[in-house]
Amino acid sequence: MESAPRFLCDVMLAHLARYLRAAGLDTTLAVESATDAEILREAIDEGRWLLTADRKITEHKAAKGRVIQLPFGSLDLQAAVLSGQFDIDWLSHAFTRCLMDNTPLQPATPEHAQQAPDDVRQPQDELLACPNCGRIYWRGSHYKRMRRKLAEWQEASRQA
């Protein structure tokens, strides 16, 4: 994903952060106890766009050209705003990052596979694992629900 934007979401946008990660976008989540200044510094130091629903953070001098204020609440509206700002491909790199900690996923080892439910340990079913937290991923109902949402956003951005 050439020149894909990198994001830092404040805690108000934690749900969006999970979907951005599901889309394969490098997205971190600010620490809940961090101050606005600390969050801005983190975004600048890491070369990330700060996504927030907090209007106050946009008033900082350092926020100029680095912060995108999104509407609070509607995930679909937030995705539409981001699609309008960036050329986001919601599907081409989908499900390549851990939804919890943003680490790129790897094929599951046999040891990882033993942690997965029996019904998803079939040879045709791809299992992925996060090398950081050890979480196992497979294409179950959660995957299908999230992928449907990403596909909706992809279609909406094409029609816009």
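Of these, Thr28, Thr52, which one is within 22 Å of Trp153 (Cα to Cα), under 13 Å from the mean Cα position of the chain (by Cα) and among the β-branched types (Val, Ile, Thr)? When all the criteria are applied, what remains is Thr28. Hey, Ser83 hits all of (1) out of contact with any helix residue (DSSP H, G or I) (no Cβ under 6 Å at 6 or more places or on another chain); (2) hydroxyl-bearing (Ser, Thr, Tyr); (3) closer than 27 Å to Ala160 by Cα but one; which does it fall short on? Ser83 satisfies all of (1) out of contact with any helix residue (DSSP H, G or I) (no Cβ under 6 Å at 6 or more places or on another chain); (2) hydroxyl-bearing (Ser, Thr, Tyr); (3) closer than 27 Å to Ala160 by Cα except (1).
Does Asp76 satisfy the criteria of being part of a helix (DSSP H, G or I) and either closer than 20 Å to Trp153 by Cβ or at pLDDT 95 or above (or both)? Yes, satisfied.
Looking only at segment 25-60, which residues are assigned to a helix (DSSP H, G or I), under 26 Å from His93 (Cα atoms) and among the acidic types (Asp, Glu)? Step through it out loud before you land on a result.
In the first step, residues of segment 25-60 are kept if they are assigned to a helix (DSSP H, G or I); the result is 36-46, 56-59.
Now narrow it down to the ones that are under 26 Å from His93 (Cα atoms): 42-46.
Selection gives Glu42, Asp45, Glu46.
Given (1) touching a strand residue (DSSP E or B) at 6+ places or on another chain (Cβ under 7 Å); (2) part of a helix (DSSP H, G or I); (3) touching a residue at least 24 places away in the same chain (Cβ under 8 Å), where does Tyr19 come up short, assuming only one miss? If we test Tyr19 against (1) touching a strand residue (DSSP E or B) at 6+ places or on another chain (Cβ under 7 Å); (2) part of a helix (DSSP H, G or I); (3) touching a residue at least 24 places away in the same chain (Cβ under 8 Å), just (1) comes out false. Which residues, counting only those in segment 1-40, are in contact with a helix residue (DSSP H, G or I) (Cβ under 6 Å, 6 or more places away or on another chain) and among the hydroxyl-bearing types (Ser, Thr, Tyr)? Thr27, the sole residue that qualifies.
Going by the conditions given, is Thr96 out of contact with any helix residue (DSSP H, G or I) (no Cβ under 6 Å at 6 or more places or on another chain), modelled with pLDDT of 95 or more and of a type outside the set (A, V, I, L, M)? Walk me through how you get there before you give the answer.
Working: out of contact with any helix residue (DSSP H, G or I) (no Cβ under 6 Å at 6 or more places or on another chain): yes; modelled with pLDDT of 95 or more: yes; of a type outside the set (A, V, I, L, M): yes.
In short, yes.
The numbered conditions (1) aliphatic (A, V, I, L, M); (2) surrounded by fewer than 21 Cβ atoms within 10 Å (Cβ to Cβ); (3) out of contact with any Asp or Glu (no Cβ under 8 Å at 6 or more places or on another chain) are all true for Ala53 except (3).
Remark: pairs (first residue in segment 135-151, within 16 Å of Leu91 (Cα to Cα); second residue small (Gly, Ala, Ser) and at pLDDT 95 or above; Cβ separation under 7 Å; 6+ apart in sequence or on different chains) = Met146/Ala22; Arg147/Ala94; Leu150/Ala22; Leu150/Ala23; Leu150/Ala94. For segment 107-156, a residue qualifies if it is of a type in the set (A, V, I, L, M) and part of a helix (DSSP H, G or I), and the qualifying residues are Ala113, Val120, Met146, Leu150, Ala151, Ala156. The one condition from (1) surrounded by fewer than 18 Cβ atoms within 10 Å (Cβ to Cβ); (2) outside any loop (DSSP other than H, G, I, E, B); (3) touching a residue at least 60 places away in the same chain (Cβ under 8 Å) that Leu13 does not meet is (1).
Reported count of residues in segment 108-156, each being at pLDDT below 90 and among the hydroxyl-bearing types (Ser, Thr, Tyr), is 2.
Within segment 79-106, the set of residues being of a type in the set (S, T, N, Q) and either surrounded by 18 or more Cβ atoms within 10 Å (Cβ to Cβ) or not in a helix (DSSP H, G or I) (or both) comprises Ser83, Ser92, Thr96, Asn102, Thr103, Gln106.
The values are calculated or read from the model by the stated rules, or taken from the named source; none is laboratory data. The model shown is predicted, which means the values in this text are computed figures rather than measured ones. As a convention, Cβ positions derive from the backbone with ideal geometry for all residues, glycine included, and neighbour counts pool all protein chains shown.
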